[in-house]
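Values in this text are rule-based calculations from the coordinates and carry no lab data. Computed from a predicted model, the values in this text were never measured in an experiment. Using ideal geometry, Cβ is built from the backbone for each residue, glycine included, and neighbour counts are taken over all protein chains shown.
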Amino acid sequence: MTGKTHISCGLLIGALSINYFHTEIFTSVTIMTLAVISSIFPDICHTRSIIGRRFKLISFIVRMLFGHRTFTHSLLFMIIIGALLVFIQSPTRYIVTIMLGLISHVILDMLTSRGVKLFYPLPINVRFPFVCRTGGLVDLSLASAITVGTCYVLLRPFIDPFISQWIH
């Protein structure tokens, strides 16, 4: 999937987290930021990704050590990140948001023909039985649909009164 698709999914996760945890404005901005960063973070192993371009040296090192869509796209990586977040006593709302962002990235990449090494270091490639081309029509459509969903979640308090007026 493209970075735009991962970011749109991160925004949806952020919006849903804000809605679920009923956060105030500062925490809401923090949650949205963490959701977007965590939704693109697994691509630190790809030097041309959005995050890889920002952290070129780290991206290069991670790519040389592990390759693309291996360690940073694995259950092992997610467990390590989750354990670190618990160890440093991050608030639950941040842990949930970050973990969902990472999980969303891996799930979206499982929709591509290349898949991911979910069980790294085992050399098992995991993908869904139905796949789409990165940057293709399905990828673009998915990003658009997720963005619409995000807008609805964020604007729901303003939209619902109008919808209920039309229904009744």
Packing-based exposure ordering (other Cβ within 10 Å, fewest first) of Thr33, Thr147: Thr33, Thr147
When a footprinting reagent is the concern and you count Cβ atoms within 10 Å, what order do Asp43, Asp160, Asp139 take, fewest first? Asp160, Asp139, Asp43
Looking at [x] 51, 26, 22; [y] 58, 41, 27; [z] 70, 58, 28, which value of Cα extents along the principal axes in Å comes from a calculation on the structure shown? [y]
Rank Ile31, Ile81, Ile13 by mean-square fluctuation in a GNM of the chain with C-alpha springs under 10 angstrom and give only the top-ranked residue. Ile81
FRET E, pair Leu137, Phe87, Förster distance 45 Å, beta-carbon r, rounded to 0.05: 0.60
For segment 3-167, what is the charge dipole size about the Cα centre, in debye to the nearest 20, if Lys and Arg each add +1 at the Cβ and Asp and Glu each add -1 at the Cβ? 620 debye
For helix 75-87, report the angle its Cα long axis makes with the longest principal axis of the Cα atoms of the chain; keep it between 0 and 90° and round to the nearest 10°. 60 degrees
Using Cβ contacts closer than 10 Å as the measure, can you line up Phe87, Phe41 from fewest to most? Phe87, Phe41
To the nearest 10 degrees, the tilt of helix 25-40 (Cα long axis) against the first principal axis of the alpha carbons of the chain is 40 degrees
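Which whole-number percent gives the relative contact order of the chain, counting Cα pairs below 8 Å spaced six or more residues apart?
That works out to 29 percent.
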What are the ³J(HN,Hα) values, in whole Hz, obtained from phi via the Karplus relation 6.51 cos²θ - 1.76 cosθ + 1.60 with θ = phi - 60°, for each residue of segment 95-110 in sequence order, with x given for Gly and Pro? 4, 4, 4, 5, 5, 5, x, 4, 4, 4, 4, 5, 4, 4, 5, 6
